[in-house]
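J.: To start, I am sharing the structure in question, which I have written as C-alpha coordinates.
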Amino acid sequence: MQGDFREHLIVLRKLGVSAIEVKSPEDMSKVDGLIIPGGESTTIGKLMSRNGLDREIKVKHSQGIPIYGTCAGVILMAKEIEGSKQPRLAIADISVARNAYGGQLDSFEADILFQKSKLHSVFIRAPIISRTSKGVEVLAYHKKNPVLLRQGNLLMSTFHPELTQDARIHKYFLGMCSKRMKGKIH
Ligand code: GLN
(Lines give C-alpha, C1' and ligand atoms only; values in the text may rest on other atoms or scores of the structure.)
Protein backbone atom coordinates (compact mmCIF):
# COMPACT_ATOMS: atom_id res chain seq x y z
CA MET A 1 0.00 0.00 0.00
CA GLN A 2 2.91 2.29 0.78
CA GLY A 3 6.66 2.08 1.29
CA ASP A 4 9.28 0.13 -0.63
CA PHE A 5 7.18 -2.74 -1.97
CA ARG A 6 8.68 -2.25 -5.44
CA GLU A 7 12.17 -3.12 -4.19
CA HIS A 8 10.85 -6.36 -2.67
CA LEU A 9 9.10 -7.23 -5.94
CA ILE A 10 12.38 -6.74 -7.82
CA VAL A 11 14.27 -9.09 -5.46
CA LEU A 12 11.52 -11.73 -5.55
CA ARG A 13 11.26 -11.63 -9.36
CA LYS A 14 15.05 -11.96 -9.64
CA LEU A 15 14.70 -15.10 -7.55
CA GLY A 16 12.11 -16.43 -10.00
CA VAL A 17 9.01 -15.85 -7.89
CA SER A 18 5.80 -14.58 -9.50
CA ALA A 19 5.31 -11.77 -7.02
CA ILE A 20 2.37 -9.35 -7.01
CA GLU A 21 1.39 -6.20 -5.13
CA VAL A 22 -1.10 -6.90 -2.35
CA LYS A 23 -3.43 -3.92 -1.94
CA SER A 24 -6.92 -5.31 -1.43
CA PRO A 25 -8.37 -8.09 0.75
CA GLU A 26 -9.02 -10.12 -2.44
CA ASP A 27 -5.30 -10.08 -3.31
CA MET A 28 -4.60 -12.20 -0.24
CA SER A 29 -6.27 -15.21 -1.87
CA LYS A 30 -3.71 -15.04 -4.74
CA VAL A 31 -0.56 -15.44 -2.65
CA ASP A 32 1.28 -18.12 -0.67
CA GLY A 33 3.23 -15.64 1.42
CA LEU A 34 3.17 -11.94 2.25
CA ILE A 35 5.90 -9.34 2.72
CA ILE A 36 4.91 -6.16 4.55
CA PRO A 37 7.46 -3.54 3.49
CA GLY A 38 9.18 -0.71 5.28
CA GLY A 39 7.63 2.70 4.95
CA GLU A 40 5.44 4.61 7.34
CA SER A 41 3.65 2.24 9.70
CA THR A 42 0.91 4.75 10.60
CA THR A 43 0.04 5.25 6.92
CA ILE A 44 0.12 1.55 6.01
CA GLY A 45 -1.93 0.72 9.13
CA LYS A 46 -4.61 3.30 8.33
CA LEU A 47 -4.90 2.23 4.68
CA MET A 48 -5.07 -1.46 5.65
CA SER A 49 -7.88 -0.96 8.12
CA ARG A 50 -9.80 1.28 5.72
CA ASN A 51 -10.30 -1.42 3.07
CA GLY A 52 -10.30 -4.45 5.36
CA LEU A 53 -6.94 -5.81 4.20
CA ASP A 54 -5.89 -6.04 7.86
CA ARG A 55 -8.76 -8.43 8.68
CA GLU A 56 -7.97 -10.64 5.70
CA ILE A 57 -4.27 -10.79 6.63
CA LYS A 58 -5.27 -11.87 10.15
CA VAL A 59 -7.53 -14.61 8.75
CA LYS A 60 -4.75 -15.93 6.50
CA HIS A 61 -2.29 -15.69 9.40
CA SER A 62 -4.56 -17.87 11.52
CA GLN A 63 -4.49 -20.39 8.65
CA GLY A 64 -0.69 -20.37 8.72
CA ILE A 65 0.37 -18.25 5.74
CA PRO A 66 4.01 -17.08 6.11
CA ILE A 67 4.33 -13.33 6.67
CA TYR A 68 7.58 -11.34 6.59
CA GLY A 69 7.65 -7.78 7.92
CA THR A 70 10.55 -5.38 7.35
CA CYS A 71 10.90 -2.31 9.55
CA ALA A 72 7.46 -0.62 9.42
CA GLY A 73 6.15 -4.12 8.66
CA VAL A 74 7.50 -5.33 12.01
CA ILE A 75 5.81 -2.42 13.78
CA LEU A 76 2.48 -3.40 12.17
CA MET A 77 2.91 -7.03 13.24
CA ALA A 78 3.76 -6.22 16.87
CA LYS A 79 1.18 -6.67 19.61
CA GLU A 80 2.58 -3.68 21.48
CA ILE A 81 3.88 -0.40 20.05
CA GLU A 82 5.27 1.69 22.90
CA GLY A 83 3.29 4.87 23.44
CA SER A 84 1.10 4.39 20.36
CA LYS A 85 -2.44 3.27 19.68
CA GLN A 86 -1.97 3.27 15.87
CA PRO A 87 -3.79 0.55 13.89
CA ARG A 88 -1.85 -2.72 13.66
CA LEU A 89 -2.24 -6.43 12.96
CA ALA A 90 -1.09 -7.43 16.47
CA ILE A 91 0.01 -10.92 15.42
CA ALA A 92 3.56 -11.09 16.84
CA ASP A 93 4.34 -11.45 20.54
CA ILE A 94 6.79 -8.57 20.68
CA SER A 95 6.91 -4.95 21.82
CA VAL A 96 8.53 -2.33 19.65
CA ALA A 97 9.77 1.21 20.20
CA ARG A 98 9.48 3.24 16.99
CA ASN A 99 12.39 5.37 15.76
CA ALA A 100 14.31 4.18 18.78
CA TYR A 101 17.86 4.69 17.52
CA GLY A 102 17.22 8.45 17.53
CA GLY A 103 19.35 11.43 16.52
CA GLN A 104 22.27 10.87 14.21
CA LEU A 105 21.85 7.13 14.41
CA ASP A 106 18.36 7.32 12.91
CA SER A 107 19.72 5.59 9.82
CA PHE A 108 22.87 3.52 9.54
CA GLU A 109 24.43 0.47 7.93
CA ALA A 110 26.07 -2.37 9.82
CA ASP A 111 27.27 -5.92 9.44
CA ILE A 112 25.33 -8.47 11.41
CA LEU A 113 25.77 -12.22 11.73
CA PHE A 114 23.15 -14.39 10.02
CA GLN A 115 23.59 -18.17 9.97
CA LYS A 116 27.22 -17.73 10.98
CA SER A 117 28.15 -15.42 8.12
CA LYS A 118 28.24 -11.66 7.72
CA LEU A 119 25.21 -9.85 6.33
CA HIS A 120 25.40 -6.18 5.45
CA SER A 121 22.24 -4.48 6.73
CA VAL A 122 20.57 -1.12 6.21
CA PHE A 123 18.61 0.42 9.07
CA ILE A 124 16.35 3.39 8.27
CA ARG A 125 14.58 5.04 11.19
CA ALA A 126 14.35 1.52 12.53
CA PRO A 127 12.40 0.38 15.56
CA ILE A 128 14.01 -1.44 18.47
CA ILE A 129 12.40 -4.65 19.67
CA SER A 130 12.02 -3.97 23.38
CA ARG A 131 10.37 -7.25 24.41
CA THR A 132 9.99 -10.72 22.96
CA SER A 133 7.95 -13.54 24.42
CA LYS A 134 8.93 -17.21 24.69
CA GLY A 135 7.82 -18.38 21.25
CA VAL A 136 9.96 -15.79 19.47
CA GLU A 137 13.38 -16.90 18.22
CA VAL A 138 16.07 -14.29 17.60
CA LEU A 139 18.00 -15.11 14.41
CA ALA A 140 20.33 -12.08 14.43
CA TYR A 141 21.39 -9.25 16.72
CA HIS A 142 22.96 -5.86 16.22
CA LYS A 143 24.75 -4.72 19.38
CA LYS A 144 22.56 -6.84 21.65
CA ASN A 145 19.33 -5.66 19.96
CA PRO A 146 17.35 -8.39 18.20
CA VAL A 147 17.06 -7.35 14.52
CA LEU A 148 15.89 -10.57 12.84
CA LEU A 149 13.23 -12.67 14.53
CA ARG A 150 10.98 -15.58 13.85
CA GLN A 151 7.77 -16.69 15.52
CA GLY A 152 6.31 -19.74 13.78
CA ASN A 153 5.36 -18.60 10.28
CA LEU A 154 6.22 -14.98 11.02
CA LEU A 155 9.58 -13.48 10.05
CA MET A 156 10.60 -9.97 11.10
CA SER A 157 13.61 -7.77 10.38
CA THR A 158 14.12 -4.23 11.59
CA PHE A 159 16.52 -3.71 8.65
CA HIS A 160 15.94 -3.59 4.87
CA PRO A 161 17.38 -6.59 2.94
CA GLU A 162 15.61 -5.39 -0.23
CA LEU A 163 18.06 -2.47 -0.38
CA THR A 164 21.21 -4.58 -0.69
CA GLN A 165 22.30 -7.16 -3.26
CA ASP A 166 22.32 -9.97 -0.70
CA ALA A 167 19.13 -12.02 -1.10
CA ARG A 168 19.72 -14.49 1.74
CA ILE A 169 16.87 -13.23 3.92
CA HIS A 170 14.40 -13.34 1.03
CA LYS A 171 15.58 -16.87 0.23
CA TYR A 172 15.10 -17.85 3.86
CA PHE A 173 11.53 -16.50 3.73
CA LEU A 174 10.83 -18.28 0.44
CA GLY A 175 11.98 -21.46 2.18
CA MET A 176 9.25 -20.88 4.79
CA CYS A 177 6.69 -20.38 1.97
CA SER A 178 7.66 -23.44 -0.06
CA LYS A 179 7.71 -25.63 3.04
CA ARG A 180 4.09 -24.69 3.71
CA MET A 181 3.07 -25.07 0.04
CA LYS A 182 4.44 -28.62 -0.03
CA GLY A 183 2.09 -29.53 2.78
CA LYS A 184 -0.90 -27.97 0.99
CA ILE A 185 -3.13 -29.48 -1.70
CA HIS A 186 -3.55 -27.00 -4.56
N1 GLN B 1 10.00 4.86 11.34
C2 GLN B 1 9.06 4.20 10.49
C3 GLN B 1 7.76 3.94 11.26
O4 GLN B 1 7.70 4.14 12.43
C5 GLN B 1 9.60 2.91 9.96
C6 GLN B 1 10.78 3.19 9.07
C7 GLN B 1 11.01 2.16 8.00
O8 GLN B 1 10.14 1.35 7.69
N9 GLN B 1 12.15 2.22 7.38
O10 GLN B 1 6.81 3.53 10.68
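J.: So in segment 58-81, with the set limited to residues that are closer than 18 Å to Arg150 by Cβ and of a type in the set (Val, Ile, Thr), which one is farthest from the ligand (Cβ to nearest atom)?
T.: Here the answer is Ile65.
J.: Of the residues in segment 18-52, how many are open to solvent by 50 Å² or more (accessible area, probe 1.4 Å), of a type outside the set (Lys, Arg) and more than 16 Å from the ligand (Cβ to nearest atom)?
T.: The number of residues fulfilling the criteria is 6.
J.: Can you tell me which residue among Lys116, Lys79, Lys58, Lys85 is free of Cβ contacts under 8 Å to residues at least 24 places away in the same chain, under 15 Å from the mean Cα position of the chain (by Cα) and surrounded by fewer than 22 Cβ atoms within 10 Å (Cβ to Cβ)? Write out each step before concluding.
T.: Details: Lys116 fails: under 15 Å from the mean Cα position of the chain (by Cα); Lys58 fails: free of Cβ contacts under 8 Å to residues at least 24 places away in the same chain; Lys85 fails: under 15 Å from the mean Cα position of the chain (by Cα).
Lys79 is the lone residue from the list that is free of Cβ contacts under 8 Å to residues at least 24 places away in the same chain, under 15 Å from the mean Cα position of the chain (by Cα) and surrounded by fewer than 22 Cβ atoms within 10 Å (Cβ to Cβ).
J.: Looking only at segment 1-27, which residues are part of a loop (DSSP other than H, G, I, E, B) and in contact (Cβ under 8 Å) with a residue 24 or more places away in the chain?
T.: Met1, Gln2, Gly3, Asp4, Leu15, Val17, Val22, Lys23, Ser24
The values are calculated or read from the model by the stated rules, or taken from the named source; none is laboratory data. Since we're looking at a predicted model, the values are computed, not measured. Note: ideal-geometry Cβ built from the backbone for every residue, glycine included; neighbour counts use all protein chains shown. The area values use the complete protein model at the heavy-atom level, side chains included, leaving out ligands, DNA and RNA. Shrake-Rupley method; radii C 1.70, N 1.55, O 1.52, S 1.80 Å.
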